[in-house]
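The values are calculated or read from the model by the stated rules, or taken from the named source; none is laboratory data. None of these values were measured; they are calculated from a predicted model. Neighbour counts run over all protein chains shown; Cβ positions are idealised from the backbone, glycine included. Surface accessibility is based on the protein's heavy atoms, side chains included, excluding ligands, DNA and RNA. Shrake-Rupley method; radii C 1.70, N 1.55, O 1.52, S 1.80 Å.
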Amino acid sequence: MPFTNLDSSEIPQNKQILESLPAGVFCVSPHQIITYVNPSLCRTTGYAPNDSVGKHFDMIRGEGSETSIPWEELLKGKSWQGNISMRKKDGKSYLADLSISPIFSETSQIMGFTGFQREVDQDQGALPTHLQYKKALDISENGLLLQNKKGDLLLANPAFCEIFGFSEAEIIEQGLPALLTMEGCSVLQNKIMPESLQLITAKGVVEATKTGGDIFELSIKIMCVRDKNDRVEGFVSLYQDLTKEKEIQLQRNQSKKLATMGEMLAGVAHELNNPLTSVVGFSELLLRRNVNQDIKKQLRKISSEAIRTSKIVQNLLSVVRSHKPEKILVGMNGVIHNVLELKSRQLRVDNIRIVRKLTPDHALPRIIGDYQQMVEVLLNLVNNAHHAMVSSGQKGTLTVKTESVGDSIYVRVKDTGPGISKETQSKLFQPFFTTKSTGSGLGLSISRDLLKEHFGELVLEETNTHGTTFIIRLPIAPDQMLKPPESSAEEFPPLEPLRILVVDDEEMILDLYYHFLTQLGHTPHLVKSVQEALQNLDTAQYDLIISDMKIPGINGETFYDLLKTRGSPLTKRFIFVTGDILSEQVTRMMKENHICVLHKPFVLSQLERTIHIVVPDHGLHAPVHPEDGP
C-alpha cells in the first residue's frame, strides 16, 4: 500500500514533500480527527491549519453527497477512492475526487489515514488522483522506489518487487540494504548516495540478491528531492535488472566471434574443398577402371573419407556462420545427423556410444523453422549431455529419438550421466546459471528462447533414475503430407555432345573436369581466368558455362553480371561451382537469377544431373531464349 510507513510522527519529516504537492493532502486519526492539512487543501477549503487540525473530519465533509466514506473498510486496512462532496469555510460545497489509504505502524497497526483530494471541474472531470498517480507508477517497466530523507522506504512499485521477488510490504519492512550484497551496500552508501546529494542525480551498478539467493547486477539512478530552500526532503530511484542486458551483450560478443570464425572457416572450406574434389573425383575415375576388388574397396574408403571431411567443414560452418534467420521447411532428422556427425569423434574418444532412434524421414513430417537455429539448439543439448557423461568418469550412451505425435514433432536427447538435482533443476533455464567451470550459462536459456520463437518448447523430463532427458517439441508445418521415400537412383537420357566452357583457377580441378566431361561425351574448353573466358566467348560458340565462384581477379559473380550486360543467352545455361554451401552470396545469386549451383566436392553423377537440369533437351547449339527457365 502507498506510504505504508508514513505515520503521524513522521509528518514533520515529510512536511516539505507534502506541502509541495499540488493535490490537497490531509491526515486523520483512526477516529477521524484531523492531524494535518497541507497548503493546497487549505487554499481549496479556505480553512487555515489552526481552524481544522484537532477537529473532526466532518468539519470539511460536505452534505447531501450520495457517496459516503467507508471508514469501517478502511479500518480493515483497505484503501478507497471516489468522488465526494466537501465543504469550504464559506459554507459552499464542492465535488472532490478523494483517495484515502491507511497509515501503518512498524507493528502493522493502523495509526490513521492519509488522504489526497482534488477539486473536480464538473465540465472537464477530475484531475489525476493519488491512486491514479500510483497506477502510472505501477505500469512502469523500471523498478521505482520512493524514500524519505532518512532513507526509509515509502513506496516500491510492482516492477521493483518483481526484480527481487518480494512483496512491497516485505521490501519496505526489510529495507534496501537487505536486498543488496555487502559490496552493493557499500557502493550505494559510500558512492551513489553521496553523489546524489552533490549532483542531484547519481547512478551506478551494484550487486543485489533475489529471493533464492541468486546474485545479480542492478543499475541504480537516484534523484535527490529538495525544497525551495535546497533542503533534502527525499529520494526517487529507478532500478533495472541488468541480467537480460548482460545476456544480450554476451550474445552479441559471441555472435561477433562466431562471425569471425565463420569468415575464417569459409576460406578454409574453399581451400579444402578444391583438393577434396580432386580426391573424390579421381577416386571415382579409378573406380571406373578395371581394377581388382581390394583396390576398389580402398578407393571407396578414400572417396568416403574425403566426403566426410567436407561434411565436417560444412557442419562447422552451419554452426558458426552468422545469417539472417529464415524460416523454411526443415527435417529434424537431417539436423540431428549433422550435429552427431560433428560430435561423433569427440563422443567416441570419450567412450560414449550414440544410439539413433529416428522415425524414418518419409514418416516424420517437417517443421517450419530456421535450420541453423535448430542446429544450435541440438548442439547445445548434445554438448551438455557429453559434458555430463564425461564428468561421471564412466562409459556413456547418448540416445536421440524423434517421433510425431498429434500435431507436433518430439525430439528426445537422453544421456546416462549422473542426472540433475532438484535444486539445480529450478535454476536450469536461468541465464548465466551453469554447473560447468568454463560454461557461459546461456546455452539452455538461448535454446528455450529459440524454440519459443518457433512456437515450440524445451522441457526437462522428470525421472527417478540416473541420466537426463531433454524434450524438444515443435509444431508440424501446415499441410505436411506423408510422402513415400524418393528413389535415389536417377537415370538421364543421353544428351547430344555439348561444347562446355569451364572456368577454374585450380589446375587439378580443370584436369578433373576434362576427364568427367569427356566421359559424358562432351567437349570441354578449359580456362583459368574470366579474362580468358571472355576472349573465348568472342571467338567461339558454347552450349554451357561451368564457373567457380571464387576466382582471382574477376570473380564468378562479376563474370555472370558481364554476361547479363551483354545479353548473352548463356546466362540461362550457367552452372556455378562452390565449396561454401552456406554462402549468402551464393544463396542470393541462386534466388535472383535461378542459377543452378554444384557444390564441391562432387561426383560424376552429380555433375551429369546438374547439366541435365540446365540443358534439358535443346540439342547442340540450340538457341536459348530469355524466357527459358533453367
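Using the Cβ-Cβ distance between S108 and Q394 with R0 set to 51 Å, the FRET efficiency works out to roughly 0.35. Taking label points 7 Å from Cα along the Cα-to-Cβ direction, R308 and N142 give a separation of 5.8 nm. Label positions at D361 and S85, each projected 7 Å from the Cα along the C-beta direction, are separated by 8.4 nm.
Taking a threshold of 23 Å on the Cα-Cα distance, which of the pairs K191/K244; K203/K244; K357/K452 fall above it? Those over the limit are K191/K244; K357/K452. Just check the stretch 503-569 against the gyration tensor rule for me: Cα atoms, a ≥ b ≥ c as the square roots of the eigenvalues, rounded for a/c under 1.5, and otherwise prolate or oblate depending on whether a/b exceeds b/c. In terms of gyration-tensor shape, oblate.
Computing the accessible area with a 1.4 Å probe over protein heavy atoms, can you report the carbon and sulfur percentage for the stretch 491-573? Of the solvent-accessible surface of the stretch 491-573, carbon and sulfur hold 50 percent. With the simple model of a label 7 Å out from the Cα in the direction of the Cβ, D407 to N383 spans 3.4 nm. Taking every protein chain into account, the 1.4 Å probe leaves E457 with about 80 Å² of accessible area, to the nearest ten. Ordering Y513, I575, V530 by the projection of their Cα atoms onto the charge dipole of the stretch 497-590, which places +1 on the Cβ of Lys and Arg and -1 on the Cβ of Asp and Glu, puts I575 at the extreme positive end.
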